Amino acid sequence: MHQTVLKPYVWACARPRVEGRENLESLSGPAVFVANHASHLDTPLILGALPRPLASRLAVGAAADYFFTSTMTGMSTALLFNAFPVQRSGTRRRGRGVALSLLDEGWNVLLYPEGTRSLDGSLGAFKSGAARLCLEAGVPAVPVGLYGTHAVIPRGRRLPVRSRARVCVRFGQPIAPEAGETSHGLRDRMRRRVSELAADWILAR
């Protein structure tokens, strides 16, 4: 449904540039996609930028206290994005348990380790839940860098604003957990790579 309903609208609003799809060719099983988060545009942009076979088997972790506070909103979010609720406070065991089950069933999972959208588009601190999930499931993390989405739909807005910002999505090479690595160590590697990918790499050229 996303490919036919949302992608044409998102591409018309954002005119995104996509790079790094070749880095996904080495994936031979499920993975946890981890991205920076600055806009409601981020999830539909990633879904539209992924090759269709990966996008069709991608489940998105969505904030339970935002997207699942009412039956209608929760059903709409789940239908459009294959979303499941993630608790942003406490132990977050419920969301991680669902994600583990999805990975065991061959689904990919998309998480935003910052836990919330950035106020100004800058990269915030990463929580350790995504890293723990990779370690528990024995799957790689795929870093995703997004640039410019904050300018199109900033936090506090639900619809796009008029903007000439360059919007980019870039997929990095999978990051496999290392033997004996802690969740904090893997989390820090994820954040460094996402930070590199989310930089204004078009202007840097």
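Couple of notes before you dig in:
- Cβ-Cβ under 7 Å pairs, at least 6 apart or on other chains, the stretch 139-166 side open to solvent by 30 Å² or more (accessible area, probe 1.4 Å) and modelled with pLDDT of 95 or more, far side part of a strand (DSSP E or B) and not charged (D, E, K, R): P140/I175
- Failed condition for M190, given (1) under 17 Å from V32 (Cβ atoms); (2) crowded, with 20+ Cβ neighbours inside 10 Å; (3) touching a Gly at 6+ places or on another chain (Cβ under 6 Å): (3)
- Qualifying residue in the stretch 133-149 (condition: of a type in the set (S, T, Y), within 26 Å of L6 (Cα to Cα) and assigned to a strand (DSSP E or B)): yes
- For the stretch 167-187, taking the residues that are assigned to a loop (DSSP other than H, G, I, E, B) and among the hydrophobic types (A, V, I, L, M, F, W, C), the one that is surrounded by the fewest Cβ atoms within 10 Å (Cβ to Cβ) is identified as A179.
- Note on the stretch 87-107: residues that are within 17 Å of S128 (Cα to Cα) and either surrounded by fewer than 20 Cβ atoms within 10 Å (Cβ to Cβ) or modelled with pLDDT of 80 or more (or both) amount to 11.
- For the stretch 51-62, the set of residues classified as open to solvent by 10 Å² or more (accessible area, probe 1.4 Å) and at pLDDT 90 or above consists of P51, R52, P53, L54, A55, S56, R57, listed by residue number.
- Remark: pairs (first residue in the stretch 33-55, more than 21 Å from I175 (Cα to Cα); second residue open to solvent by 10 Å² or more (accessible area, probe 1.4 Å) and of a type in the set (V, I, T); Cβ separation under 8 Å; 6+ apart in sequence or on different chains) = S39/I153; H40/I153; L41/I153.
- Filtering the stretch 108-117 to residues that are buried (at least 18 other Cβ atoms within 10 Å of the Cβ) and of a type in the set (S, T, Y) leaves only Y112.
The values are calculated or read from the model by the stated rules, or taken from the named source; none is laboratory data. Owing to the predicted nature of the structure, the values given are computational and were not obtained by experimental measurement. Every residue, glycine among them, receives a Cβ derived from its backbone with ideal geometry; neighbour counts consider all protein chains shown. Note: areas computed on protein heavy atoms with side chains; ligands, DNA, RNA excluded. Shrake-Rupley method; radii C 1.70, N 1.55, O 1.52, S 1.80 Å.
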